[in-house]
1. Any chance you could run the full-extension gain for THR115 through ARG25? It's 0.36 nm times the residue separation minus the Cα-Cα distance, nm to one decimal.
2. Relative to the Cα centre, what is the charge dipole magnitude of the chain, using +1 at the beta carbon of each Lys and Arg, -1 at the beta carbon of each Asp and Glu, and rounding to the nearest 20 debye?
3. Give me, ordered by chain and number, the residues 5 or more places off VAL31 or on other chains with an amide H under 5 Å from its own placed amide H.
4. Of all the C-alpha pairs in the range 1-73, what % are more than 18 Å from each other?
5. Output ³J(HN,Hα) for the range 34-47: one whole-Hz value per residue in order, computed from phi by the Karplus curve 6.51 cos²θ - 1.76 cosθ + 1.60 with θ = phi - 60°, and x for Gly and Pro.
6. Report the one residue of THR84, GLN66, VAL54 whose Cα lies farthest in the direction of the positive end of the charge dipole of the range 37-122 (charges on C-beta: Lys and Arg +1, Asp and Glu -1; origin at the Cα centre).
7. Over all directions, average the projected area of the Cα convex hull of the range 4-123 and note it in nm².
8. Taking 0.36 nm per residue of separation and subtracting the Cα-Cα distance, what length does fully extending GLN61 through ALA107 add?
Amino acid sequence: MEHTTVLVADHHHDIRKIICEYIGRFPNYRVIGEVGDGQDLMQQVRKLKPHMLVVDIDFPQCSGFQAARIVREEHLDITVVIATMFDDPIYRARALEAGATSLLTKATLKQSLETTFQFQGVVLGSHARS
């Protein structure tokens, strides 16, 4: 079975756990790693080479905006999804400008992930690996 691999980065253990458990419900997606510290984020991205990175907007030492920018600048074939507590148009614009494909809100995390995965499933279908 082919999977779209996901790396989850959030400094709150409980949020990472919720995201990982929810991603586990999608048969074509597989979490291949979790990062709780921004210092290790890009090292893990380069090492694990996920198809998708779900990263907190306020991630210490490497924000979601910074991570998206680095992924774009290094031409890494990774979809970046930034997570935030606030659905703010300014954050959405900054996320897209940095290179993220979407911004999801933690307040409606399950619905946001489902919408993101349904949309990304079409885009990432060619990226899926076993």
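Bear in mind that the values in this text are calculations on the coordinates, not laboratory data. Worth saying up front: this structure is predicted, and the values here are computed from it rather than measured. Methodologically, a virtual Cβ is constructed for each residue, glycine included, from the backbone with ideal geometry; neighbour enumeration extends over all protein chains shown.
1. 31.0 nm
2. On the way: 14 positive and 16 negative charges, 59 e Å.
Dipole magnitude for the chain comes out near 280 debye.
3. Long-range HN contacts for VAL31: VAL6.
4. Working: 870 of 2628 pairs.
Beyond 18 Å sits 33 percent of the P(r) for the range 1-73.
5. Coupling constants for the range 34-47: 10, 10, x, 9, x, 4, 9, 4, 5, 4, 5, 4, 5, 6 Hz.
6. Result: VAL54, furthest along the dipole toward the positive end.
7. Details: hull surface 25.3 nm².
That works out to 6.3 nm², a quarter of the Cα hull's surface.
8. On the way: separation 46, 0.36 × 46 = 16.56 nm, distance 2.33 nm.
Answer, rounded to one decimal: 14.2 nm.
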